[in-house]
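The values are calculated or read from the model by the stated rules, or taken from the named source; none is laboratory data. A quick note: this is a predicted structure, and the numbers were derived from the prediction, not measured. Ideal geometry is used to build each Cβ from the backbone, glycine not excepted, and the neighbour counts take in all protein chains shown.
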């Protein structure tokens with residue numbers, strides 16, 4: 001019977017120095033590990049061809065649902081650069097390849113991956129957000145990135161794209177929206193395993209050449225005249241919007257059970273065919289309202305309006321039913337939810353233009369509420385709660401606009417601090 005030493009020395013002679021994979025179920029053999037290492041690790045030498053240094057590397061690709069590998073030639077530097085410096089550049093390019101930071105899925109083209117994003121992420125957004133994102137992708141992102149692999153959309157490539165917008169006529173808000181949409185798409189690619197890191201993180205936009213512009217608001221003096229020019233029930237919608245600061249989607253989705261004599265509860269919103277929860281957790285709240293709002297809404301229940309229909313005139317009850325779950329603002333014909341764009345274009349903007357207020361829109365009404373709170377002397381924290389913002393800085397920096405009247409009063413008091421008064 002052979003001893004242990006004979007067994008140990010016999011194995012190499014029989015070509016079995018490496019144990020078979022079957023000896024350790026579930027674990028690859030050493031030979032398999034060596035094969036994987038040879039496949040993944042690459043260290044090609046740069047080659048000088050003509051006026052440039054090039055590097056040939058293998059890239060994993062995904063074609064028709066199958067994994068494969070293809071050669072790719074990477075341009076490194078001009079041929080005049082010393083080889084030592086070129087090798088440093090090559091090492092930086094090979095580092096993510098050899099460290100496994102590039103997944104097989106990163107070879108998918110941006111246009112192909114967007115179909116995945118469109119199927120999984122877009123349906124979770126509000127309709128208005130979804131429509132705007134689709135427009136951004138169609139008009140700005142697809143023309144540039146459609147045929148580019150996700151792995152090739154590096155931070156440098158993307159930064160060059162946004163830096164190239166420096167001379168563009170696009171507004172700063174539009175550029176910011178493009179960045180947000182692209183970041184959302186690439187961020188989802190990270191979540192689904194196509195990428196290891198979102199390349200849009202840290203991308204900077206060109207500075208706004210026009211600086212920050214104050215958002216216009218309706219002064220209390222113009223407000224009364226505007227409401228008088230708008231027909232009911234749309235005049236009451238404008239009235240409630242300014243006195244409560246509700247977003248138009250929240251105003252359209254308001255039900256009678258949410259309206260009380262001194263408060264309003266925001267529980268849902270409606271936007272062009274889609275019902276949903278309020279915009280954020282802070283938006284899902286109860287706010288205080290002026291009693292004039294309650295009184296104005298109660299008047300709607302007894303109101304009948306006449307609408308032209310061809311050559312005739314038809315009468316409609318403004319409130320067809322005022323049960324707890326019925327809408328406060330009901331379409332005149334069918335009693336369903338209203339469409340914000342129709343109200344704005346057909347009723348509010350024409351009245352505003354008659355007063356020289358071309359800037360009036362639904363957002364302007366919400367900004368006006370925040371500014372009126374400031375005029376009334378509201379504390380910034382109270383204004384934040386009333387506007388239902390997550391941060392007070394949003395209320396203070398974006399919605400509460402500069403009020404020339406209040407500034408003038410403060411400036412006029414400066415002369416009281418000194419005796420050097422001009423006669």
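Of the residues examined, residue 325 is not one that is closer than 24 Å to residue 218 by Cβ and part of a loop (DSSP other than H, G, I, E, B). Within the range 387-402, restricting attention to residues that are under 22 Å from residue 216 (Cβ atoms) and either out of contact with any helix residue (DSSP H, G or I) (no Cβ under 6 Å at 6 or more places or on another chain) or not assigned by TED's automatic domain parsing to the domain that holds residue 250 (or both), the residue that is modelled with the highest pLDDT is 388. Of note, residue 101 satisfies the criterion of being modelled with pLDDT under 90, farther than 13 Å from residue 54 by Cα and not in a helix (DSSP H, G or I).
For the range 153-170, filtering for residues that are under 12 Å from residue 186 (Cβ atoms) and in a helix (DSSP H, G or I) leaves 3. Could you tell me whether residue 154 is modelled with pLDDT of 85 or more and more than 20 Å from the chain's Cα centre (by Cα)? Taking the combined requirement at face value, the residue satisfies it. For the range 332-365, the tally of residues that are surrounded by 14 or more Cβ atoms within 10 Å (Cβ to Cβ) and part of a helix (DSSP H, G or I) stands at 12.
Among strands (runs of 3 or more DSSP E) entirely within the range 246-319, having at least 1 residues that are surrounded by fewer than 17 Cβ atoms within 10 Å (Cβ to Cβ) and out of contact with any strand residue (DSSP E or B) (no Cβ under 8 Å at 6 or more places or on another chain) singles out 274-276, 304-309, 312-317. Scan the range 200-242 for residues that are part of a helix (DSSP H, G or I) and either farther than 30 Å from residue 291 by Cα or free of Cβ contacts under 8 Å to residues at least 24 places away in the same chain (or both) and the total you get is 5.
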